[in-house]
Amino acid sequence: MLRGHWSDQEELTILLGDWERWSAEVLESHLSYPVHAVVDLVQVLGESAIDAAPERLPASDLARLPTGLAAAGVMVDAGVGVDDKLAEMRRMYEPFVAALSEYLLMPLPAWRAGEPARANWRASRWNGRTAEGPTQGLSVSRSACERE
């Protein structure tokens, strides 16, 4: 692209600058839309933001967040003030998410996932053992099934 099609480096610099601005605008719109949607939804439902919502991202989880993101291939600038910026952004929507959670009677999840939950189909209600697959670990006789 640099050698074959663009003899004018200044024109290329302008084009790349335009692309950078456009991609930043797209990213911003994709990040801000859910915040606006939840705020609008809470207001349409006639609810109010809950400023005293429980903390979903304790300091211990916040400290582990950059490591977890890096493990997933997401590189984050861990410079000074990053935690404060995240807290500021969360203050814009967390009270509204908490209000929506309360209205819908659906508890909010933690920011970071805990231990993977055991799928309920893996537990046998007859013997309480965890199955490794659909039939392994189950010891149910035909007569036990017929009694139910």
Of the residues in the range 26-76, those that are on the phi < 0 side of the Ramachandran plot and part of a loop (DSSP other than H, G, I, E, B) number 17
In this structure, does MET106 turn out to be surrounded by 10 or more Cβ atoms within 10 Å (Cβ to Cβ) and closer than 30 Å to VAL44 by Cα?
-> no
Can you find a residue in the range 75-88 that is over 30 Å from GLN43 (Cα atoms) and either in contact with an Asp or Glu (Cβ under 7 Å, 6 or more places away or on another chain) or acidic (Asp, Glu) (or both)?
-> yes
Does VAL80 count as modelled with pLDDT of 60 or more and among the aliphatic types (A, V, I, L, M)?
-> yes
Please state which of the following conditions LEU2 fails to meet, knowing it meets all the rest: (1) loosely packed, with under 10 Cβ neighbours inside 10 Å; (2) modelled with pLDDT under 90; (3) part of a helix (DSSP H, G or I); (4) not hydroxyl-bearing (Ser, Thr, Tyr).
-> (3)
Residue ID - farthest from VAL38 (Cα to Cα), chosen from residues in the range 69-91 that are surrounded by 13 or more Cβ atoms within 10 Å (Cβ to Cβ) and of a type outside the set (A, V, I, L, M) = ASP83
Give the residue that is nearest to the chain's Cα centre (by Cα), with candidates limited to residues of the range 38-53 that are at pLDDT below 90 and surrounded by 10 or more Cβ atoms within 10 Å (Cβ to Cβ).
-> ALA53
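Here's a check for you: in the range 17-37, which residue that is hydrophobic (A, V, I, L, M, F, W, C) and surrounded by 12 or more Cβ atoms within 10 Å (Cβ to Cβ) is modelled with the highest pLDDT? Don't jump to the end; show me each part of the working.
Residues of the range 17-37 that are hydrophobic (A, V, I, L, M, F, W, C), as a first pass: 19, 22, 24, 26-27, 31, 35, 37.
Remaining after also requiring surrounded by 12 or more Cβ atoms within 10 Å (Cβ to Cβ): 35, 37.
Values: VAL35: 83, ALA37: 90.
Per the criteria, the residue is ALA37.
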Given the conditions (1) over 30 Å from ALA63 (Cβ atoms); (2) assigned to a loop (DSSP other than H, G, I, E, B); (3) modelled with pLDDT of 90 or more, which single one is not true for TYR103?
-> (2)
Which members of the range 77-100 meet the condition of being part of a loop (DSSP other than H, G, I, E, B) and touching a residue at least 12 places away in the same chain (Cβ under 8 Å)?
-> ALA78
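The values are calculated or read from the model by the stated rules, or taken from the named source; none is laboratory data. What you see is a predicted model; the values in this text were computed from it and never measured. In this analysis, Cβ positions are derived from the backbone assuming ideal geometry, glycine residues included, and neighbour counts consider all displayed protein chains.
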